[in-house]
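What follows is a set of notes on a single structure, which appears directly below.
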Amino acid sequence: MTGQVKEEIITRMGELGCIVEDGCLTFQPTLMRKTEFLTKAREFTYFNISKEKSQMEIQKDELVYTYCQVPIVYHLSDKDWLINIYYTDGKVENIKSNKISKTVSQSIFSRNNLIKEIRVECPASSLLF
């Protein structure tokens, strides 16, 4: 990769607001624009941790990207922060915050295939634009 490509990747992660603080994955998408969220449902294709091609349906008012091959879906909402963590064993964990614990964050960083997907209810008021 060229230096410019690396800079653009780092910049985009900053815009998406996906940062690590004290070992915890934190979501602060304050530089996101509401216009970046989907206006209609679309299919998202990615490669999961097992290197298998996977697809998921992304709805209106959502945006998706992967972090360590785990899909992270932002849903634009009028509610407060809520993170839903979907585990590969079917378990779902709900967190009323914009921060994930160190333990769960470490599972994502280590790519141990315990986390299938993360959905973040993102308050529209937290966006700058």
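The values are calculated or read from the model by the stated rules, or taken from the named source; none is laboratory data. All of these numbers come straight from a predicted model, not from anything done at the bench. Quick reminder, even Gly has a Cβ in these numbers, built from the backbone with ideal geometry, and neighbours come from all protein chains shown. Side chains are part of the model used for accessible areas, which takes the heavy atoms of the whole protein and leaves out ligands, DNA and RNA. Shrake-Rupley method; radii C 1.70, N 1.55, O 1.52, S 1.80 Å.
The requirement of being within 20 Å of Val20 (Cα to Cα), polar (S, T, N, Q) and in a strand (DSSP E or B) is not satisfied by Asn113. Checked against (1) in contact with a Phe, Trp or Tyr (Cβ under 8 Å, 6 or more places away or on another chain); (2) on the phi > 0 side of the Ramachandran plot; (3) open to solvent by 100 Å² or more (accessible area, probe 1.4 Å), Lys96 meets all criteria but (2). Run down Tyr46, Tyr74 and say which single residue is at pLDDT 95 or above, surrounded by 11 or more Cβ atoms within 10 Å (Cβ to Cβ), more than 13 Å from the chain's Cα centre (by Cα) and of a type in the set (Phe, Trp, Tyr). Residue meeting the stated conditions: Tyr46.
Pairing each residue of region 106-118 that is in contact (Cβ under 8 Å) with a residue 24 or more places away in the chain and under 11 Å from Tyr87 (Cβ atoms) with any residue that is among the β-branched types (Val, Ile, Thr) and open to solvent by 60 Å² or more (accessible area, probe 1.4 Å), provided the two are 6+ apart or on different chains, yields C-beta distances under 9 Å for Asn113/Thr88; Leu114/Thr88; Ile115/Thr88; Lys116/Thr88. The listed residues are Lys99, Lys91, and the only one of them that is more than 12 Å from the chain's Cα centre (by Cα) and charged (D, E, K, R) turns out to be Lys91. Among the residues of region 65-110, those identified as farther than 24 Å from Lys53 by Cα and of a type in the set (Gly, Ala, Ser) are Ser77, Ser97, Ser101. Of the residues making up region 23-43, those that are open to solvent by 70 Å² or more (accessible area, probe 1.4 Å) and either modelled with pLDDT of 95 or more or under 20 Å from Asn113 (Cα atoms) (or both) are Thr39, Lys40, Arg42, Glu43.
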